[in-house]
Amino acid sequence: MTALLSCEGLTRRFGGLTAVNDVSLQFPVGEVHAVIGTNGAGKSTLINMLSGEMPASGGRILLQGQDITAWPQPRRARAGVGRSYQRTTIFPEFSVFENCRLCAQAAHARPWALWESAAACAVTGRIARDALAAAGLADAAERSAGSLSHGGKRQLEIAMCLATEPKVLLLDEPLAGMGAEETDRMLQVLQGLKAGHAILLVEHDMDAVFRIAERITVMVNGEVIASDAPEAIRRNPQVQVAYLGEGH
Amino acid sequence: MSRFIPWIALLALVLLPGVLTPYTSDLVVKIMVLAVFALSLELLVGMTGLVSLGHAAFFGLGAYVAVLASPESDPANLPVLLLKSVGVAALYALFVGALSLRTKGVYFIMVTLAFAQMAYFVFHDTKLGGGTDGIYLNVRPVLGPLDAGHKLHFYYLALAALAGTYGLLALLRRSRFGHALAGIRVNEQRMRAAGFATYFYKLAAFVIAGALAGLAGFLLAVKDGFVNPELLSWHESGAVLLMLILGGIGHLRGAVIGALAFVLLKELYATPAFVGSFLADHWQLTLGFTIIAFVALLPKGLIQLGARKAK
């Protein structure tokens, strides 16, 4: 299976510190590929490089075989690389619907069409409604985004990412701060997205990771120490020492 | 009800010349011209979240081009001269915007200020536009029977410019372009993550705002028949920002109300018959205190008065 998104020897240095060192990973469609590691292991830096928010110091990023390492973030996003943020970054003063509609608009921009009303735009409206339904937020469409609960905002993060109609989802701790019930709902949403997407999941909730991921990569100090199926990772002695602790 | 207010205001402005004295008519024209200027800045500050302290550069440039591109003793062609003014202002905005939009926040404010001062000193320190004395526009532009030198003709010209600018920005605001600008104002990082090349959106807004400021400058030059370097100074950039703050940032009508309030307050405070000759000589002082009072009592601008009643 050729991966939709992959990186080869990806490296990021901040001055003398190497945050991500020589990381090569593959993200095929139909798979949740979880990246775990302690704080400072380089997980967010990895996402930032893949999404184009941060330039790589070395290595290559390939999307469907095409080298996109030098592409700026907006171009990557339009090519199908979507991401969500660890810290919620929504448009709090807009409605939930407009948050998604605006994200959908990136691929259907027509900025010169000043005579067309954005609110009445059929294409972006339909995509936004589909994204809200997929993320389980259809009932909240008309509410102000800032008034959503924490879990609701996390769902909106995913919906906004989906509204860009991505092929790849780079999800930075989508379960952070969620209760058990909200986590279940979010995992259901992710389960439903597996079929059509390549998903990179950075997450601290180990139970959730082992429930949903097909493949788990463990990072320590910017380097990949193991990348395998969940059972193999659970049994890996190196991982147990470095990260999972004695209990696992 | 509230959505009809701009139309009612337009109707009133169409009918107004029938009852105006020459003095009040001149005042209304001045307000309309400065309202175009304030609206152009509202596109940047209110709609895109870009606070520029150099917006007068495009205003002054539009005004200077109107004079410098007019023949010595024949009337210029009105639409051609207008396009020259707007075009030069837009080109300078493209240059300034392309460079300054690489910065953010306070740095953006300082860079726009620097580029405006640059343009200011070009006219202030060279003989290009008569130096510090400024330069006169001898013959107003015409188009067939329409003569911009005729008071009533010019009144309707300024009104058409105001209505056109307001209409254009109202359309822009509800369009996808306008929604994208609003998104950039609230969360630019997210807009980039969604796939918007935000730099070009901001640049487009900056150029349109510069072009509209050039239009306002053109109107002012034709109205007064005179331009001087002060039109490009940072005082002027500050004044137009104050109009927005007075009226209420984030609303098109706020910009118009702000221009109205600013001109009327200045007229009131600078007229010895109203406030005495000492205060009239120091009108900046009283105007300054008034604006501080306004901002303290109505932090969202005069538009807040109407909004409160509507609730």
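Every number in this text was worked out from the coordinates using simple rules, so none of it is lab data. What you see is a predicted model, and the numbers here were worked out from it, not measured in a lab. Heads up, the Cβs are rebuilt from the backbone with ideal geometry, glycines too, and the neighbour counts pull from every protein chain shown.
The fraction of all Cα pairs in region B:178-229 landing in successive 5 Å bins from 0 to the largest distance is 5, 18, 20, 14, 10, 9, 9, 9, 5, 2, given as whole percents. For the protein assembly as shown, the fraction of C-alpha pairs farther apart than 29 angstrom is 61 percent. Out of every Cα-Cα pair that region A:91-165 contains, those further apart than 14 angstrom amount to 53 percent.
Semi-axes of the equivalent ellipsoid for region B:19-141, please: Cα gyration tensor eigenvalues, times 5, square-rooted, ordered largest first, whole Å. Don't skip to the answer; put the middle values down first.
Numbers: eigenvalues 149, 79, 36 Å².
Value: 27, 20, 13 Å, ordered largest first.
Mean per-residue shielding of peptide B:197-206 is 2, counting Cβ atoms of other chains within 10 Å of each Cβ. The alpha-carbon atoms of region A:1-104, seen along their principal axes, cover 42, 33, 25 angstrom, with the largest extent given first.
Send over the Kirkwood Rh of chain B, from the inverse of the averaged 1/r over different Cα pairs, rounded to one decimal Å.
On the way: mean 1/r = 0.0502 Å⁻¹.
Radius from the Kirkwood sum: 19.9 Å.
When chain A is treated as a GNM, springs tying every alpha-carbon pair under 10 Å, which of A:Phe27, A:Phe14, A:Phe210 comes out with the largest mean-square fluctuation? Per the Cα network of chain A with a 10 Å cutoff, A:Phe14 tops the list. Counting charges near B:Val28 (Lys, Arg +1; Asp, Glu -1) among other residues having Cβ under 12 Å from its Cβ returns a value of +1.
Cα centroids of region B:247-282 and region A:17-64: 58 Å apart. Sequence-ordered 3J(HN,Hα) estimates for region A:192-203 from the Karplus curve with 6.51, -1.76 and 1.60 and θ = phi - 60° stand at x, 8, 3, 3, x, 10, 9, 10, 9, 10, 9, 7 Hz, glycine and proline given as x.
Ellipticity at 222 nm from helices only: DSSP H runs of n ≥ 4 in the protein assembly as shown, each -39500 (n - 2.57), divided by the residue count, give -17500 deg cm²/dmol.
Set the Förster radius R0 to 35 Å, insert the Cβ-Cβ distance between A:Glu223 and B:Phe200 as r into 1/(1 + (r/R0)^6), and round the FRET efficiency to 0.05. Before the final figure, lay out the partial values.
Numbers: r = 38 Å, r/R0 = 1.09.
About 0.35, to the nearest 0.05.
Roughly how many debye, to the nearest 20, is the charge dipole of region B:12-104 about its Cα centre, given +1 on each Lys and Arg Cβ, -1 on each Asp and Glu Cβ, and no other charges? Display every interim value, and only then the final one.
Working: 4 positive and 4 negative charges, 79 e Å.
Computed charge dipole of region B:12-104: roughly 380 debye.
With a simple spin-label model that places each label point 7 Å from the Cα along the Cα-to-Cβ direction, the separation between B:Ile292 and A:Gln86 comes to 4.6 nm. Working from label points 7 Å from Cα in the Cα-to-Cβ sense, the B:Phe278 to B:Tyr107 distance is 4.9 nm. Taken along the Cα-to-beta-carbon direction at a fixed 7 Å, the label points for B:Val139 and A:Ala180 span 8.9 nm. Less than 5 angstrom separates the built amide H of A:Ala113 from none of the residues sequence-distant by 5 or more or on a different chain. The listed peptides A:46-54, B:66-74, ordered by packing as a protection proxy, come out as A:46-54, B:66-74 (highest mean of other Cβ atoms within 10 Å first).
Would you mind ranking A:Cys103, A:Cys7 so that the residue whose beta carbon has the fewest other beta carbons within 10 Å leads the list? It would help to have the intermediate numbers written out before the result.
Working: A:Cys103 32, A:Cys7 22.
Neighbour counts put them in this order, fewest first: A:Cys7, A:Cys103.
Eigenvalues of the Cα gyration tensor times 5, then square-rooted: what semi-axes does that give for chain A, in whole angstrom, largest first? Walk me through the intermediate numbers first.
Numbers: eigenvalues 195, 93, 46 Å².
Over the Cα atoms of chain A, the ellipsoid semi-axes are 31, 22, 15 Å.
For region B:230-241, backbone phi angles converted through the Karplus equation (6.51, -1.76, 1.60; θ = phi - 60°) give residue-by-residue couplings of 4, 4, 9, 6, 5, 4, 5, 4, x, 4, 5, 5 Hz, Gly and Pro being listed as x.
Remark: region B:90-215 is approximated by an ellipsoid whose semi-axes, taken from the C-alpha gyration tensor as √(5λ), come to 33, 24, 9 Å, largest first.
Per residue of A:49-56, other chain Cβ atoms within 10 Å of the residue Cβ number 1 on average.
With neighbour counts taken as other beta-carbon atoms within 10 Å, the residues B:Trp234, A:Trp112 rank, fewest first, as A:Trp112, B:Trp234.
Separation of the alpha carbons by more than 23 angstrom is noted, of B:Lys223/B:Lys266; B:Lys223/B:Lys300; B:Lys104/B:Lys127; A:Lys43/A:Lys194; A:Lys153/A:Lys194; A:Lys153/B:Lys202, for B:Lys223/B:Lys300; B:Lys104/B:Lys127; A:Lys153/B:Lys202.
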